[in-house]
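Structure first, then comments.
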Amino acid sequence: KLATLALAGTMLFAACQEEPVLKLTDVGPEMTVNSWTESTYMGADIKFSVSVNDKEFALSTLKAKLLYDETAVSDITIRTKENGTYEASLPAPLYKDIPDGMATLAFAAQNVGMGLTYDTVYVSLKRPDFETLTLKAEDGQTYSLRSVGDYKYEVTQEFPSLVKAFVTTPAINTEGDVITMGWSGSELVVNGPNPIPFSSTIPGEYTIAVDLMKLSASPFGYVITEEFDLAESKPE
């Protein structure tokens, strides 16, 4: 009988418990964009610092998104466990055929009550175009690619039949950062894991060329297909 009464009491207590109610708000956290990279090159990183505070609700996330025109090209989500300042960076992708211009850096801070705060700043982006680029071959040799026109670079000299190399730019900021480009299998790509497989059918004097607008390179007279998944081809 005592057990029955105890069970009944437990059931009565449980019935009296109110289910938790999610408290919502249409007021987002206080957000201040303290600083950001206001001007840089495509292919580099955009750094930012944002302060987020909320006196009423716990914080949830801080989202940053980079847009070219109206297209999102990179984004990041930061878990904001407490009030304070958050620092991070986003890559500014180097895509072919995109000229210099302004990109949009959009922020959204959210609290656990689903309240949102938005802010937007702008970044001036330049397409990499220098007097020279450096070709760094896997065997340690370096070659200077000189500008022969807008975004176009060449070097002509004696080369082995296959030159596997990465292309690097001069320093793009005061920190000394550079942009390094490898090969995707069809075009140049920033931080690509594979070297660019420049090649000629025979060793000797030939011209290595890179185009930073078209993100193309040549020549590919002969390519090791097993390694790079490319067939023998001639430069266009």
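Could you please find all residues in region 174-201 being in contact with a strand residue (DSSP E or B) (Cβ under 7 Å, 6 or more places away or on another chain), assigned to a loop (DSSP other than H, G, I, E, B) and either open to solvent by less than 70 Å² (accessible area, probe 1.4 Å) or in contact (Cβ under 8 Å) with a residue 40 or more places away in the chain (or both)? First the steps, then the outcome.
Of all residues in region 174-201, those in contact with a strand residue (DSSP E or B) (Cβ under 7 Å, 6 or more places away or on another chain) come to 178-183, 187-200.
With the extra rule that they be assigned to a loop (DSSP other than H, G, I, E, B), the set shrinks to 178-179, 187, 191-193, 195, 200.
Hits for region 174-201 are Ile179, Glu187, Gly192, Pro195, Ser200.
Just to be sure, is Thr120 closer than 30 Å to Ser216 by Cβ and in a strand (DSSP E or B)?
Answer is no for this residue.
Which one is modelled with the lowest pLDDT, of the residues in region 123-168 that are of a type in the set (A, V, I, L, M, F, W, C) and open to solvent by 40 Å² or more (accessible area, probe 1.4 Å)?
Only one residue tops the list, namely Leu162.
Pairs under 6 Å by beta carbon, first residue closer than 15 Å to Tyr95 by Cα in region 47-72, partner surrounded by 13 or more Cβ atoms within 10 Å (Cβ to Cβ) and modelled with pLDDT of 95 or more, six or more apart or different chains?
What qualifies is Leu66/Val73; Leu66/Ser74; Leu66/Leu90; Leu66/Ala103; Leu66/Leu105; Leu67/Thr104; Tyr68/Ala103; Ala72/Lys65.
The values are calculated or read from the model by the stated rules, or taken from the named source; none is laboratory data. Since this is a predicted model, take the numbers as computed values, not measurements. Glycine also receives a Cβ, built like all others from the backbone with ideal geometry; neighbour counts cover every protein chain displayed. The area values use the complete protein model at the heavy-atom level, side chains included, leaving out ligands, DNA and RNA. Shrake-Rupley method; radii C 1.70, N 1.55, O 1.52, S 1.80 Å.
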